[in-house]
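Taking it in order: structure first as C-alpha cells, then the write-up.
The values are calculated or read from the model by the stated rules, or taken from the named source; none is laboratory data. Predicted model, so just to flag it, every value in this text is computed and none were measured. Methodologically, a virtual Cβ is constructed for each residue, glycine included, from the backbone with ideal geometry; neighbour enumeration extends over all protein chains shown. Each accessible area value is taken on the protein alone, full model and side chains, heavy atoms only, with ligands, DNA and RNA left out. Shrake-Rupley method; radii C 1.70, N 1.55, O 1.52, S 1.80 Å.
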Amino acid sequence: MLIGPFFYIRGKLIYNACPLAEGREQAGKLDNSYGHDQLYDDHFKIGEYIDYPRGRVVWDKEKIHSIIYIAPCINREDVLSRIIAAFDIGDYVVEYDDHYHCKNCVGDLFN
C-alpha cells in the first residue's frame, strides 16, 4: 500500500506515492509529506495547483484502511480504479474535504 497526493488532469493521473513505512503520522493517520504544490511544480510551469482536481491517499491506523480524499468532480469509477491500482489499495473509503475542491467543484460541495 502506498500513500500520497494526486491530480487528475486532462485524463491523466499524476501522483507521488510512498510506502506506509515512509509516511508521517498526523492525527492517527499516515500521510506522505510530499505536497500538492511540489507535485504540481514538478509537472507544470503555469497556473495554480488549487485550480485542478486533486486528492490524497492516507492510511487510517485505527480503522486499518486507506482513505481516498478526492475532489467531487473526479469521483468516478474509472478514476477511482486508476487511483486504487496506482496506490496498490486494498480496503478503502472515499471521503470529501473542502481542501480537495477545485474550481470545477464549485456548487458541488460535499455531494
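General remarks:
- Using C-alpha pairs below 8 Å separated by at least 6 residues, the relative contact order for region 22-111 is 28 percent.
- Karplus-based coupling profile of region 32-47, in residue order and whole Hz: 7, 6, 6, x, 4, 4, 5, 4, 5, 4, 5, 10, 9, 10, 10, x, with θ = phi - 60° in 6.51 cos²θ - 1.76 cosθ + 1.60 and x standing for Gly or Pro.
- Of all DSSP beta bridges in region 57-105, antiparallel share, percent nearest 5: 50 percent
- 5 angstrom amide H check on Phe44, placed H, neighbours 5+ away: none
- Per residue, the chain exposes 55 Å² of solvent-accessible protein surface, assessed with a 1.4 angstrom probe and all protein chains in place.
- Net charge of neighbours whose Cβ lies under 13 Å from the Cβ of Ala27, counting Lys and Arg as +1 and Asp and Glu as -1: -1
- Expressed as a whole percent, the accessible surface of the chain that belongs to carbon and sulfur atoms is 47, based on a 1.4 Å probe.
- Which labelled figure in [x] 23, 14, 11; [y] 33, 16, 10; [z] 21, 16, 13 is semi-axes √(5λ) of the Cα gyration tensor in Å, once derived from the coordinates: [z]
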